[in-house]
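Please read the structure below before turning to the comments.
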There are 2 protein chains.
Amino acid sequence: MRAIETVGFIGTGIMGAPMAGHLIEAGYTLRVHNRTRAKAQPLLDAGAAWCDTPAEAARGADAVFSIVGYPRDVEEVILGADGALSAAEKGAILCDMTTSRPALAERIWREARARGVGALDAPVSGGDTGARKATLAIMVGGDEADFQRLRPLLETMGRTVRRIGPAGAGQHAKMVNQILIAGTMMGMAEAFTYGRAAGLDLRTVLDVVGTGAAGSSALANLGPRVLAGDFEPGFIMDHFIKDMQIALQDAGARQLDLPALRLAADLYRRAAESDLGRKGTQALCKSVADHNRVPL
Amino acid sequence: MRAIETVGFIGTGIMGAPMAGHLIEAGYTLRVHNRTRAKAQPLLDAGAAWCDTPAEAARGADAVFSIVGYPRDVEEVILGADGALSAAEKGAILCDMTTSRPALAERIWREARARGVGALDAPVSGGDTGARKATLAIMVGGDEADFQRLRPLLETMGRTVRRIGPAGAGQHAKMVNQILIAGTMMGMAEAFTYGRAAGLDLRTVLDVVGTGAAGSSALANLGPRVLAGDFEPGFIMDHFIKDMQIALQDAGARQLDLPALRLAADLYRRAAESDLGRKGTQALCKSVADHNRVPL
């Protein structure tokens, strides 16, 4: 089995650019493709080779990473006519880090395998800050041997890198992550609305409740931003809505009844419809307060 | 203003008994009343005086604490014919630590004030463990002067003791706490159900997601219990349902629309109807999994 030297990287946006940067810093030879070339320029300046298509980025690469927007983008950049798989070498490994549909991850794994190519799904948690600081949590699905080969590369991007199970399991774990956050964010939005309606100084309240049984990472990190009126994105609401839709679709296929997740998706869609879709997930607090005519 | 020496304590259950114990250890003279005398016996053995009624516990006391079950119990032990207020001395302070209705706390404050008696609402967070270890978070509503007089006593019971605002504000802050927890618990229950339905090893998943943006005190403390099949109460589901009903009633009076809180109350009621009401709040995970015919 050859060592990994040349790496294709597809999608150099707010997440992908710093992640690819860590691979360059670690000494890998990068071939990058992005829809908008300008966003890849800092990587090209750092020595990466530009590729006009995902297929070109995959040509001669030992591993090909992708982190793009929606499942349809994943399908196109990996399985499309100019997709990475069409040009991937036998023995190469595709690693999609987009949060995407578990069933698509399984399909990619099957189609890749049929051509002698490996495939991992490896969505991340930790946002753009985690991507920059290489502190991401990375949840991996796929074959253990492929995981072990790519592990050193994943560890340049993340702090917690774990294989969860076979193809699709990484995406499923990410859905677990997003369902947890969906519940916590709804609780936060309604708690803030209730507290402000009752005339409370929420800063004092959060001081008391934040360290106890009601404490959460979301409350600690996003609560102060909400109270400061800061709704700029760490994680964009529209992307979170996409993730919840994937989870609901998958849950629906299993006939699971998950009313809290459904409600969270509804409340977030209402927020997005009132022009908050490009704001951060914490803007749900503003949407729920606005809906109740409560000043935050 | 006289120093606080003699203290009435009404309600010596799973929370009240250790809390009253801390006051005895701190050197206060205790007069205790409880519906079931046997549960007060350890306190009597430690030197507390038994009182047949709440009024008797309040007689000659400088401060009277209460921590009982439901708002109707609060009303009875404080405002009833044999209630603490009927016998409270001028200048004494009543301090109800039950999680109860904010409007009732305001009424107690008004009626007490009319008799020259002070009143605080001071619900707690932290459960029986927090009560035993004196690490409770205590959220106080009422007059600042009354708060300052009782503060040394509250600090024998809790680690974080904060005055939130006027009468009722302590209860409102506790509702904020419970609304936060309601959202987090729904997310946890549905995330576990989804993850198990997808065939994931939840221990591995929680290792990855628990330290990131999806992390919470509930997930860290209750998640492992759920995975171990341990649904015994830290905090009893029936009591949590009571708290959510209080929050919904108060929100309703303000015409607030809080669908996530409503859904949480519905899901918890369904769990209680399937005989989980005396289990801990984490048993919602079992209820949601059972409802979806997913083995946890």
query: For the subset of the stretch A:281-294 comprising residues that are open to solvent by 40 Å² or more (accessible area, probe 1.4 Å) and not basic (Lys, Arg), which member is nearest to B:Thr193 (Cα to Cα)?
result: A:His291
task: Would you be able to tell me the number of residues in the stretch A:85-102 that are surrounded by fewer than 16 Cβ atoms within 10 Å (Cβ to Cβ) and either without any contact (Cβ under 8 Å) to a residue 24 or more places away in the chain or within 17 Å of A:Asp250 (Cβ to Cβ) (or both)?
output: 0
- prompt: Given the structure, is A:Gly170 within 21 Å of the chain's Cα centre (by Cα), more than 8 Å from every other protein chain (Cβ to nearest Cβ) and either modelled with pLDDT of 95 or more or under 30 Å from B:Asp250 (Cβ atoms) (or both)?
  reply: yes
field: Filter result (open to solvent by less than 10 Å² (accessible area, probe 1.4 Å) and more than 16 Å from B:Ile179 (Cα to Cα)) within the stretch B:223-253
entry: B:Gly223, B:Val226
query: List pairs: first in the stretch B:52-68 and in contact (Cβ under 8 Å) with a residue 60 or more places away in the chain, second open to solvent by 10 Å² or more (accessible area, probe 1.4 Å) and in a loop (DSSP other than H, G, I, E, B), Cβ under 8 Å, 6+ apart or cross-chain?
result: B:Asp62/B:Arg2; B:Asp62/B:Ala3; B:Asp62/B:Ile4; B:Asp62/B:Glu5; B:Asp62/B:Glu89; B:Asp62/B:Gly91; B:Ala63/B:Ile4
task: Just name the residue that is farthest from the other protein chains (Cβ to nearest Cβ) out of those in the stretch A:185-199 that are open to solvent by 10 Å² or more (accessible area, probe 1.4 Å) and of a type outside the set (D, E, K, R).
output: A:Gly199
message: Among the residues of the stretch A:123-139, what is the count of those that are over 16 Å from A:Ile164 (Cβ atoms), crowded, with 23+ Cβ neighbours inside 10 Å, touching a residue at least 40 places away in the same chain (Cβ under 8 Å) and not aliphatic (A, V, I, L, M)?
response: 0
Filter result for A:Leu44 (under 22 Å from the mean Cα position of the chain (by Cα) and away from chain B (no Cβ under 14 Å)): no
statement: The correct count of residues that are more than 7 Å from every other protein chain (Cβ to nearest Cβ) and either open to solvent by less than 20 Å² (accessible area, probe 1.4 Å) or not in a helix (DSSP H, G or I) (or both) in the stretch A:202-218 is 2
field: Answer from B:Glu75, B:Glu111, B:Glu89, B:Glu144 - the residue that is at pLDDT 95 or above, over 22 Å from B:Gly280 (Cα atoms) and within 14 Å of chain A (Cβ to nearest Cβ)
entry: B:Glu144
- prompt: Hey, among the residues in the stretch B:254-280 that are open to solvent by 10 Å² or more (accessible area, probe 1.4 Å) and more than 28 Å from A:Ser287 (Cα to Cα), which one's nearest to the other protein chains (Cβ to nearest Cβ)?
  reply: B:Arg270
statement: Within the stretch B:1-58, of all residues that are in contact with a Lys or Arg (Cβ under 6 Å, 6 or more places away or on another chain) and open to solvent by less than 10 Å² (accessible area, probe 1.4 Å), the one farthest from B:Asp82 (Cα to Cα) is B:Thr12
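The values are calculated or read from the model by the stated rules, or taken from the named source; none is laboratory data. Note that this is a predicted model, so its numbers are computed, not measured. We place every Cβ from the backbone using ideal geometry, glycine too, and count neighbours over all the protein chains shown. Each accessible area value is taken on the protein alone, full model and side chains, heavy atoms only, with ligands, DNA and RNA left out. Shrake-Rupley method; radii C 1.70, N 1.55, O 1.52, S 1.80 Å.
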